């Protein structure tokens with residue numbers, strides 16, 4: 001009798017557990033069915049990843065950049081446009097994880113809770129200008145890096161190019177073995193971080209202006225090197241007596257190294273965090289890679305190097321773009337986005353066009369000083385005629401990466417003209433000097449946007 005009772009209890013427990021599991025699965029199926037069905041490993045559900053009948057992707061001007069017909073996914077008629085926007089649009093292999101065709105696959109294909117995949121595909125309109133992207137791609141086809149431009153008033157990303165790239169309609173047979181395609185699946189704007197070099201002096205300047213009284217009236221002595229904590233900090237030139245505004249323009253390492261040490265770890269970290277260096281952002285729903293500013297274990301020499309964008313500093317290009325946009329906007333950053341509309345032809349199902357703001361990044365008073373410094377840097381060091389017909393504020397960076405490699409090259413900045421409200425970031429891997437390798441690409445991008 002006792003044995004029968006124990007078996008009955010065990011059977012009851014098993015039965016209850018089974019039904020709890022069944023209910024749990026059913027609830028999760030209802031909640032997550034679209035997500036599960038649209039995962040790349042379930043491509044067989046919809047045939048060819050579903051892209052053979054997916055909706056159309058347009059650029060900001062209504063130009064078709066991806067569409068499906070007769071069971072085939074087709075891309076732009078222009079090969080360089082295909083390559084230029086590959087990392088945003090994606091290809092038919094679904095290997096570019098942050099691309100629209102992977103991240104928004106369920107919307108493009110259309111999913112119905114009762115019938116599964118159906119003919120209810122959705123079209124997507126991007127904020128990109130495909131022709132601007134083409135011109136930028138052609139200027140950086142033979143280098144590795146990224147260029148991004150966005151409207152710092154609205155948040156629309158109008159240009160995003162990542163290289164190396166390839167033709168999604170003629171994928172190279174040696175894509176995985178040829179060194180020139182290393183990292184070709186990575187959108188470097190979104191998923192990469194780089195040593196920032198001298199562009200990080202913008203962050204150090206903000207920390208110093210906020211905390212050191214009358215810092216703009218001070219002078220620094222640059223003899224080309226300085227011992228800090230028993231080890232050398234080096235500068236490319238001997239600048240002699242130099243004020244902070246000129247130190248930014250001439251990119252004096254000694255001045256900004258001293259400032260970082262004087263400001264201290266806590267304020268430097270607080271400022272870097274406030275300016276988004278360690279933040280993971282989202283472009284629509286696509287996450288960026290967060291940067292790194294961590295000086296918790298740094299001695300004074302390492303802290304000094306961190307203030308000039310070296311040590312272990314890493315910056316994501318999108319976060320630097322947001323900083324430039326914030327400076328142009330009196331210290332308030334605008335959230336960037338790359339999808340303006342997802343539609344089934346009649347009903348707008350996902351409206352991301354409303355301008356959104358992040359928290360104040362830089363106080364208006366500090367921001368005004370930084371903006372003046374970047375304006376002076378452009379005027380006195382690079383020359384205003386570099387961006388002909390435009391009023392640009394900018395800073396370059398040459399970031400040492402070690403390993404016998406050439407430095408990574410940066411140029412970041414923005415237009416002061418509120419009728420031409422664009423901020424830009426250019427990174428060239430192992431490009432050497434920012435002004436000589438990233439600079440011409442930045443000029444190409446901004447000129448391509450001129451009306």
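The values are calculated or read from the model by the stated rules, or taken from the named source; none is laboratory data. These figures come from a predicted structure and were not determined experimentally. Methodologically, a virtual Cβ is constructed for each residue, glycine included, from the backbone with ideal geometry; neighbour enumeration extends over all protein chains shown.
Is it fair to say residue 123 is under 25 Å from residue 354 (Cβ atoms) and surrounded by fewer than 24 Cβ atoms within 10 Å (Cβ to Cβ)? Spell out how you get there, then give the answer.
Numbers: under 25 Å from residue 354 (Cβ atoms): yes; surrounded by fewer than 24 Cβ atoms within 10 Å (Cβ to Cβ): yes.
Yes; evaluated as a whole, the condition is true for this residue.
What single numbered condition from (1) modelled with pLDDT of 95 or more; (2) surrounded by fewer than 19 Cβ atoms within 10 Å (Cβ to Cβ); (3) at positive phi fails to hold for residue 167?
The one condition residue 167 does not meet is (3).
Among the residues that make up the stretch 259-272, is at least one of them buried (at least 21 other Cβ atoms within 10 Å of the Cβ), in contact (Cβ under 8 Å) with a residue 60 or more places away in the chain, in the same structural domain as residue 206 (by TED's automatic domain parsing) and within 20 Å of the chain's Cα centre (by Cα)?
Among the residues of the stretch 259-272, at least one is buried (at least 21 other Cβ atoms within 10 Å of the Cβ), in contact (Cβ under 8 Å) with a residue 60 or more places away in the chain, in the same structural domain as residue 206 (by TED's automatic domain parsing) and within 20 Å of the chain's Cα centre (by Cα), which makes the answer yes.
Out of 372, 417, I need the residue that is under 30 Å from residue 214 (Cα atoms), surrounded by fewer than 16 Cβ atoms within 10 Å (Cβ to Cβ) and in contact (Cβ under 8 Å) with a residue 60 or more places away in the chain. Which one?
Values: 417 fails: in contact (Cβ under 8 Å) with a residue 60 or more places away in the chain.
Only one candidate passes the filter, namely 372.
What number of residues within the stretch 135-152 satisfy the criterion of being under 19 Å from residue 428 (Cβ atoms) and not in a strand (DSSP E or B)?
Here the count works out to 10.
Can you pull out the residues in the stretch 405-451 that are out of contact with any strand residue (DSSP E or B) (no Cβ under 9 Å at 6 or more places or on another chain) and closer than 18 Å to residue 236 by Cα?
Those that are out of contact with any strand residue (DSSP E or B) (no Cβ under 9 Å at 6 or more places or on another chain) and closer than 18 Å to residue 236 by Cα: 405, 406.
Read through the list (1) within 30 Å of residue 384 (Cα to Cα); (2) in a strand (DSSP E or B), then give the number of the only condition that residue 340 fails.
The failed condition is (1).
Does the stretch 102-109 contain at least one residue that is modelled with pLDDT under 95, crowded, with 23+ Cβ neighbours inside 10 Å and assigned to a loop (DSSP other than H, G, I, E, B)?
Restricting attention to the stretch 102-109, the residues satisfying the condition of being modelled with pLDDT under 95 are 102-109.
Remaining after also requiring crowded, with 23+ Cβ neighbours inside 10 Å: 104-105, 107-109.
Among the residues that remain, those that are also assigned to a loop (DSSP other than H, G, I, E, B) are: 104.
Yes; the residues of the stretch 102-109 include at least one that is modelled with pLDDT under 95, crowded, with 23+ Cβ neighbours inside 10 Å and assigned to a loop (DSSP other than H, G, I, E, B).
So for the stretch 25-40 (the condition being outside any helix (DSSP H, G or I) and at pLDDT below 95), does at least one residue qualify? Step through it out loud before you land on a result.
Start the filter on the stretch 25-40 by keeping residues that are outside any helix (DSSP H, G or I), which leaves 38-39.
After this cut, where a residue has to be at pLDDT below 95 as well, the list is 38-39.
Checked the stretch 25-40: at least one residue is outside any helix (DSSP H, G or I) and at pLDDT below 95.
One line per residue, one yes/no per condition, for (1) outside the structural domain of residue 406 (by TED's automatic domain parsing); (2) in a helix (DSSP H, G or I); (3) within 30 Å of residue 262 (Cα to Cα); (4) touching a helix residue (DSSP H, G or I) at 6+ places or on another chain (Cβ under 9 Å):
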site: 154; (1), (2), (3), (4): yes, no, no, no
site: 158; (1), (2), (3), (4): yes, no, no, yes
site: 168; (1), (2), (3), (4): yes, no, no, yes
site: 171; (1), (2), (3), (4): yes, no, no, no
site: 180; (1), (2), (3), (4): yes, yes, no, no
site: 190; (1), (2), (3), (4): yes, yes, no, yes
site: 201; (1), (2), (3), (4): no, yes, yes, yes
site: 206; (1), (2), (3), (4): no, yes, yes, yes
